[in-house]
Amino acid sequence: MLRELSLHILDLIENAIRAGASIISVTITEDRAKDVLEIAVEDNGPGLSVPVKVATDPFYTTKSGKSTGLGLSLFRFQVEQTGGELTLHRSELGGLAVKAAMQLSHIDRSPLGDLASTLASVVCTNPDLDLQYRIRVDASECEVDVSKVRDEFSPDERCGLTIAKHVYKQIKEGLSALKVTE
Amino acid sequence: MKLNDLAEKLSLRNLTLEIQIKESTCVSKGHASDLLSDVLANAPGGSVLVTIQVHMNVIAVAIHAGVASVIFASGMVPDQAVIEKAISEGLPLYTSKESTFDIAGQLYELGLRGGHG
């Protein structure tokens, strides 16, 4: 487990980018009545090439020269420790969908962390990536579609940092408007 | 301090008797943590890790971080599959009934220090 859930989200996004995805969606759903926090990261990459059990084995990696692959294993560990479940399946985007459901109020659940900075850093360093972000708290939701943010700028203004700043602001505003649980 | 001597002084139970620990294996650093990302980031190479986590991930993280040995505190004992993986990776595992706090205190008394000590 990592100290913030947003770092697990970052790790999943990095996996997807490394696998060649050009569209990545991040959906966070907080259901207070059911006491559930759900995180879904989906992409249009090639999907899994090994069985699910292998993909979450801490000694399985696709990187050469390494003997351990800790990203998914640590996330699964964190999720299972907080009374939840991590599932991997085919996404409607065509690639992999990683879904984690955990108990929102669990005492050992890591905080969501600095989601806005984390996602802005992804946008800044991958300005052409179509990142679709949505957060739902009960019936309210906030959505940021990076390709739409990008279209607001003329091609010569369209640098990673500019888009990232706008994405950061929109996510931050959404988080405070929805009063998301840390 | 030699790992063998340390295990004897703390009356640790060796879970990986199959591993032949070299007489020359010495440890001078320790780390106590249950947060695996903290172990990855902060456990000194060649240190003894004290934890109550017994998941397979502990073995992977210990190998990745170059930890010399793991002591499970509070009587925690991992599953056989975890022990077998540690044996195949050559990572000695021990268990003790004492708490993380008490084990860390004894290791400190024997001269071991944390990453910044």
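The values are calculated or read from the model by the stated rules, or taken from the named source; none is laboratory data. Just so you know, these numbers come straight off a predicted model, no measurement behind them. All Cβ positions, even for glycine, are placed from backbone atoms using ideal geometry, and neighbour counts span all protein chains on display. We work out accessible area using only protein heavy atoms, side chains counted, and drop any ligands, DNA or RNA first. Shrake-Rupley method; radii C 1.70, N 1.55, O 1.52, S 1.80 Å.
Once the whole set of protein chains is in place, how much accessible area is left on residue A:93, using a 1.4 Å probe, in Å² to the nearest 10?
The accessible area of residue A:93 comes to roughly 60 Å².
Using a cut-off of 18 Å between alpha-carbon atoms, which aspartates and glutamates can reach residue A:165, once sequence neighbours fewer than 8 places away in the same chain are excluded?
Straight-distance partners of residue A:165: A:114, A:128, A:130, A:143, A:145, A:151, A:152, A:156, A:157, A:173.
Quick one: which residues, 5+ away or cross-chain, put their amide H under 5 Å from the amide H of residue B:113? H built at 1.01 Å from N.
Those qualifying (amide H under 5 Å, at least 5 residues apart or on another chain) are B:29, B:30.
Running Debye on segment A:24-158 with equal point scatterers at the Cα sites and no solvent, what base-10 log of I(q)/I(0) appears at q = 0.21 Å⁻¹?
-1.40
For segment B:12-66, what log10 I(q)/I(0) values come out of the Debye formula at q = 0.20, 0.29, 0.31 1/Å, with one point per alpha carbon and no solvent?
Normalising to I(0) and taking log10 leaves -0.79, -1.31, -1.35.
What number results when the radius of gyration of segment A:79-182, computed over Cα atoms, is divided by 2.2 N^0.38 Å?
1.21
Taking each pair of distinct Cα atoms in segment B:3-109 once, what is the resulting Kirkwood hydrodynamic radius in Å?
Hydrodynamic radius (Kirkwood, Cα only) of segment B:3-109 equals 13.4 Å.
Just from its helices, what would the mean residue ellipticity at 222 nm be for chain A, if runs of 4 or more DSSP H residues each count -39500 (n - 2.57) and the sum is divided by every residue, rounded to the nearest 500 deg cm²/dmol?
-11000 deg cm²/dmol
Can you tell which of A:97, A:68, A:177 lies farthest toward the positive end of the dipole of chain A, using +1 and -1 charges on the Cβ of basic and acidic side chains (Lys, Arg; Asp, Glu)?
A:68
If the only charges are +1 at each Lys and Arg Cβ and -1 at each Asp and Glu Cβ, what is the size of the charge dipole of chain A around the Cα centre, to the nearest 20 debye?
400
Would you work out the charge dipole size for segment B:3-109 about its Cα centre, treating the Cβ of every Lys and Arg as +1 and the Cβ of every Asp and Glu as -1, and quote it to the nearest 20 debye?
Here segment B:3-109 has a charge dipole of around 80 debye.
Between A:31, A:151, A:11, where does the largest GNM mean-square fluctuation fall for chain A, given springs only between Cα atoms within less than 10 Å?
Of the options given, A:151 has the highest mean-square fluctuation.
Find the sum over both chains of the accessible area lost when A and B are paired, probe 1.4 Å, and report it in Å² to the nearest 100.
1200
Measuring from label point to label point, each 7 Å out along Cα→Cβ, what is the residue B:4 to residue A:139 span in nm?
7.2
Restricting everything to alpha-carbon atoms, can you work out Rg to Rh for the protein assembly as shown with a Kirkwood hydrodynamic radius?
1.04
Amide H to amide H under 5 Å from residue B:67: which residues, 5+ apart in sequence or cross-chain, H placed 1.01 Å off N in plane?
Here the answer is B:46, since their amide H atoms fall under 5 Å of that of residue B:67.
Starting from the Cα of residue B:85, draw a straight line to each of the lysines and keep only those under 18 Å, dropping any in the same chain fewer than 8 residues away.
A:53, A:66
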